[in-house]
């Protein structure tokens, strides 16, 4: 069973690389086997249909993008503040930038979700769960506002990552400076520039 | 020549629908002919290679997303202010939401640009020109800051549109309320909440 789980994870990781490299239409069981170096038929053994494959990839994306427990424990131990939230956002941006293929794969599956209701269903479940986690962290940090403010950050960070991982409109601006400006502007109660 | 231009535009529009429906990998000359209802070979007559086709689609995207001259003239006639800029942003969001296929096609090509340098080159040229236009409007409105602030709006609006056109984390929040909050937070010199 443990061995099966490892293989399943390897296949999912191969699927994420296929998605990043070829886009959603390139995602087939055969392409996953090719990328993973497994015999043809292996991927469809683990993921019985394309929907099952997509579901497995969405699960794997959120698993890979989950905060490092050590970083998170360190953040959770600090006194809640604006600066703490800024570090939380910075950690998210750093992780998603480092996990380039995973983040690109996530964008691919979001577009795929716009086309296919079965994908939309899986994506929505994971996105909402992740969003609820962010809102909980935000509220626990005692920051003013709630879900609405966290959603603003989601939008801005998604757009920032899309810019940084694809073609950038302002490649010379530091990503940290952007994050600082977003926290300064979008977190209620800050100083005005 | 005028007739050729019309046909070229029809083929490009068909290509945008293919992109929105099937993603970047589904974009072939044959698929464009199928969508446009033109004889096989027509699309490749107008766009000699896949690169030429992609270039034609990027051109057409920016043509379609160009502000309505009447709306823009009305905005340009008003006294520059924060409220004017808010209306400018609101006009962008309204147009890109209404042009759903075009906006989805733009996201598809941005991801394609992350994979293929030839696409990245075309995309970068159009994105930078469009960005420069936004910065010029912003500066002409006498607002504090410049390119950096406009880039923040680009990120946030891209993420907002991606949310609204695919799976949404907070579908019950009004898009106008989000735009207002972004202008309030990201435009320097506003009141604090």
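A few remarks follow.
- The set of residues from the stretch A:26-43 being assigned to a helix (DSSP H, G or I) and either over 19 Å from residue A:61 (Cα atoms) or within 20 Å of the chain's Cα centre (by Cα) (or both) comprises A:30, A:34, A:42.
- Residue in the stretch B:106-117 that is within 14 Å of another protein chain (Cβ to nearest Cβ), within 21 Å of residue B:176 (Cα to Cα), in contact (Cβ under 8 Å) with a residue 24 or more places away in the chain and in a helix (DSSP H, G or I) present: no
- The residue list B:75, B:57 contains one member that is touching a residue at least 24 places away in the same chain (Cβ under 8 Å) and part of a helix (DSSP H, G or I), which is B:57.
- Test for residue B:151: is it part of a helix (DSSP H, G or I) and either surrounded by fewer than 16 Cβ atoms within 10 Å (Cβ to Cβ) or touching a helix residue (DSSP H, G or I) at 6+ places or on another chain (Cβ under 7 Å) (or both): no
- Of all residues in the stretch A:166-193, exactly one satisfies the criterion of being at the interface with another protein chain (Cβ under 7 Å from one of its Cβ atoms), surrounded by fewer than 21 Cβ atoms within 10 Å (Cβ to Cβ) and under 18 Å from residue A:96 (Cβ atoms), namely A:173.
- Residue check, residue A:23 at pLDDT below 90 and surrounded by 19 or more Cβ atoms within 10 Å (Cβ to Cβ): yes
- Output for the stretch B:137-149, where each listed residue is under 19 Å from residue A:168 (Cβ atoms) and more than 9 Å from every other protein chain (Cβ to nearest Cβ): B:138, B:146
The values are calculated or read from the model by the stated rules, or taken from the named source; none is laboratory data. Computed from a predicted structure; not experimentally measured. Cβ coordinates were reconstructed from backbone atoms using ideal geometry, including for glycine residues, and neighbour counts include every protein chain displayed.
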